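**Student:** Let me give you the structure first, and then I'll get to my questions.
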Amino acid sequence: MIRRLCLIGVGLIGGSLVRGLREKRLCGRVVGCGRSLDNLHHAIKLGVIDELDADPASAVAGADMVVLATPLGAMPGVLARIAGHLDEDAVLTDVGSAKQAVIDAARTAFGGLPAGFVPGHPIAGTEHSGVEASFATLFENRRVILTPTASSAAHAIRAVTRMWEAVGAEVVEMSAAHHDEVLAATSHLPHVLAFALVDALARMQDRIEIFRYAAGGFRDFTRIASSDPTMWRDICLANRDAILKMLDSYTDDLGRLRAMIAGGDGERIAALFERAKDARDGRLEAATGES
Ligand code: NAP
């Protein structure tokens, strides 16, 4: 049971977490904090938060659980603002899609890593954003990756694990570096490709009637290009090195496929497509989530 939860960033992910906890009656009072007062008032009307406080420093006072669910780019500023204002026993976690950048920002803000800090990332989401789009079952049967630091206290890790399990998620732990590498491959690269493809085709629109004839395959492949541009800009900046590594290796692979097509090498093209189909058919069903 969380007595007082402070949610900083009341949008899709934070709103869904709180809705899930409320449905299970596992959370007492919720104070919401964010940039725009309109959004926070709206969240009160929706029953997601009980009260609002626009200043992160006072919002965290008295909270036993603080969840940071703003876009990644806002996290360093928020962490700097709450440093020195958390209750002694408070547990602090975040939901950012890149982990090393958040840990670095926390170290800078706090002058070291607090024992109550347990970085996290729910592998769940939709291409919609905002508290309006939040729903209680978003994390059911999804994974949440925690990347505890060497300073994270066992009781804090337990509290964050229990919170996510309560809303139906399976919690796994790994290092921040491994997380960032895995997510660059499975989520960040596909999003970058989808944005780039839609943008490239949109710019060809004058010459070819692309969107008019866009059917299932195009829609399936590019759905995630409807995701929030600010969030994805932040992810690209926060996980730059791992994304660049993936982009470079994928560019090489594309070059090899291009050469096969240019050379009319049907056998190797078919072999590559078959390998890809086998991998997808066999392995993807177990995977979950967006980002
Ligand atoms: P969202 O729906 O846009 O919610 C973010 C919230 O943060 C908004 O309500 C916004 O409120 C608030 N915010 C923005 N700037 C702020 C600031 N400077 N200070 C305080 N609040 C601020 O985004 P989301 O999809 O929930 O994503 C939130 C986090 O979850 C991101 O770090 C993202 O990497 C991570 N994540 C997202 C997904 C996904 O698929 N969406 C999945 C896993 C993790 P205002 O409108 O009032 O500014």
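**Student:** Cβ-Cβ distance below 8 Å, separation of 6 or more or different chains: which pairs start in the range 185-205 with a residue that is polar (S, T, N, Q) and end on one that is surrounded by fewer than 19 Cβ atoms within 10 Å (Cβ to Cβ) and assigned to a helix (DSSP H, G or I)?
**Tutor:** 205/211
**Student:** Would you please list the contacts, defined by Cβ atoms under 7 Å and residues six or more apart or on different chains, that run from a residue in the range 81-102 that is in a loop (DSSP other than H, G, I, E, B) to a residue that is polar (S, T, N, Q)?
**Tutor:** Listed pairs, sorted by first residue: 97/291; 98/239; 99/147.
**Student:** Hey, another quick one. With the condition kept exactly as written, say whether any residue in the range 117-130 is within 9 Å of the ligand (Cβ to nearest atom), acidic (Asp, Glu), part of a loop (DSSP other than H, G, I, E, B) and within 23 Å of residue 20 (Cα to Cα).
**Tutor:** yes
**Student:** Let me ask something else. Could you run through the range 33-42 and say how many residues are over 17 Å from residue 78 (Cβ atoms) and in contact (Cβ under 8 Å) with a residue 60 or more places away in the chain? Working first, answer last.
**Tutor:** In the first step, residues of the range 33-42 are kept if they are over 17 Å from residue 78 (Cβ atoms); the result is 38, 41-42.
Filter once more, keeping what is in contact (Cβ under 8 Å) with a residue 60 or more places away in the chain: 42.
Residues in the range 33-42 being over 17 Å from residue 78 (Cβ atoms) and in contact (Cβ under 8 Å) with a residue 60 or more places away in the chain: 1 in total.
**Student:** So, in the range 33-46, how many residues would count as being in a helix (DSSP H, G or I), among the charged types (D, E, K, R) and either within 13 Å of the ligand (Cβ to nearest atom) or under 18 Å from residue 161 (Cα atoms) (or both)? Steps first, please.
**Tutor:** Step one: list which residues in the range 33-46 are in a helix (DSSP H, G or I), which gives 37-45.
Okay, now just the ones that are also among the charged types (D, E, K, R), so 38, 45.
Checking the rest, the ones that are also either within 13 Å of the ligand (Cβ to nearest atom) or under 18 Å from residue 161 (Cα atoms) (or both) come to 38.
Qualifying residue count for the region: 1.
**Student:** To continue, here is another question. Here is a check on your reading of the model: is residue 16 closer than 30 Å to residue 185 by Cβ and not in a helix (DSSP H, G or I)? Lay out the reasoning, then the answer.
**Tutor:** Details: closer than 30 Å to residue 185 by Cβ: yes; not in a helix (DSSP H, G or I): no.
Spelling it out, it is not the case that residue 16 is closer than 30 Å to residue 185 by Cβ and not in a helix (DSSP H, G or I).
**Student:** While we're here: Can you spot a residue in the range 21-32 that is touching a Ser or Thr at 6+ places or on another chain (Cβ under 9 Å), within 16 Å of the ligand (Cβ to nearest atom) and either under 25 Å from residue 142 (Cα atoms) or touching a residue at least 60 places away in the same chain (Cβ under 8 Å) (or both)?
**Tutor:** no
**Student:** Would you be able to tell me the number of residues in the range 77-91 that are farther than 16 Å from residue 116 by Cβ and within 10 Å of the ligand (Cβ to nearest atom)? Please lay out each step first, then the result.
**Tutor:** Step one: of the range 77-91, the residues farther than 16 Å from residue 116 by Cβ are 77, 80-81.
Applying the additional criterion that residues be within 10 Å of the ligand (Cβ to nearest atom) yields 77, 81.
Residues in the range 77-91 being farther than 16 Å from residue 116 by Cβ and within 10 Å of the ligand (Cβ to nearest atom): 2 in total.
**Student:** Would you check if residue 157 is without any contact (Cβ under 8 Å) to a residue 60 or more places away in the chain, in contact with a strand residue (DSSP E or B) (Cβ under 6 Å, 6 or more places away or on another chain) and part of a helix (DSSP H, G or I)? Step through it out loud before you land on a result.
**Tutor:** Working: without any contact (Cβ under 8 Å) to a residue 60 or more places away in the chain: yes; in contact with a strand residue (DSSP E or B) (Cβ under 6 Å, 6 or more places away or on another chain): yes; part of a helix (DSSP H, G or I): yes.
Taking the combined requirement at face value, the residue satisfies it.
**Student:** Can you tell me which of 149, 186 is among the polar types (S, T, N, Q) and over 16 Å from the mean Cα position of the chain (by Cα)? Give the steps one after another, and end with the answer.
**Tutor:** Working: 186 fails: over 16 Å from the mean Cα position of the chain (by Cα).
After ruling out the rest, the residue left standing is 149.
**Student:** Is it fair to say residue 106 is within 12 Å of the ligand (Cβ to nearest atom), buried (at least 21 other Cβ atoms within 10 Å of the Cβ) and within 22 Å of residue 231 (Cα to Cα)?
**Tutor:** In short, no.
**Student:** Here's something else I'd like to know. Checking residue 5 against (1) surrounded by fewer than 24 Cβ atoms within 10 Å (Cβ to Cβ); (2) away from the ligand (no atom under 14 Å from the Cβ): exactly one of these is not met. Which one?
**Tutor:** (1)
**Student:** Could you check the range 59-76 and list, in sequence order, the residues that are within 11 Å of the ligand (Cβ to nearest atom) and not small (Gly, Ala, Ser)?
**Tutor:** 67, 68, 70, 71, 72, 75, 76
**Student:** Regarding residue 49, is this residue crowded, with 24+ Cβ neighbours inside 10 Å, more than 8 Å from the ligand (Cβ to nearest atom) and of a type in the set (A, V, I, L, M, F, W, C)? Steps first, answer last, please.
**Tutor:** Numbers: crowded, with 24+ Cβ neighbours inside 10 Å: yes; more than 8 Å from the ligand (Cβ to nearest atom): yes; of a type in the set (A, V, I, L, M, F, W, C): yes.
Judged against the criteria, residue 49 is a match.
To keep it simple, each residue is scored yes or no on (1) at pLDDT 95 or above; (2) of a type in the set (Asp, Glu); (3) out of contact with any Phe, Trp or Tyr (no Cβ under 8 Å at 6 or more places or on another chain).
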{"residue": "127", "(1), (2), (3)": "no, yes, yes"}
{"residue": "141", "(1), (2), (3)": "yes, no, yes"}
{"residue": "159", "(1), (2), (3)": "yes, no, yes"}
{"residue": "170", "(1), (2), (3)": "yes, yes, yes"}
{"residue": "189", "(1), (2), (3)": "yes, no, no"}
{"residue": "209", "(1), (2), (3)": "no, yes, yes"}
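**Student:** When you scan the range 74-90, how many residues do you find that are of a type in the set (A, V, I, L, M) and farther than 19 Å from residue 104 by Cβ? Don't jump to the end; show me each part of the working.
**Tutor:** Narrowing the range 74-90 to residues of a type in the set (A, V, I, L, M): 74-75, 78-80, 82-83, 86, 90.
Subsequent filtering for residues that are farther than 19 Å from residue 104 by Cβ retains 90.
Residues flagged as of a type in the set (A, V, I, L, M) and farther than 19 Å from residue 104 by Cβ within the range 74-90 amount to 1.
The values are calculated or read from the model by the stated rules, or taken from the named source; none is laboratory data. For clarity, every value in this text was computed on a predicted model and none was experimentally measured. Every residue, glycine as well, gets a Cβ built from its backbone with ideal geometry; the counts of neighbours run over all protein chains shown.
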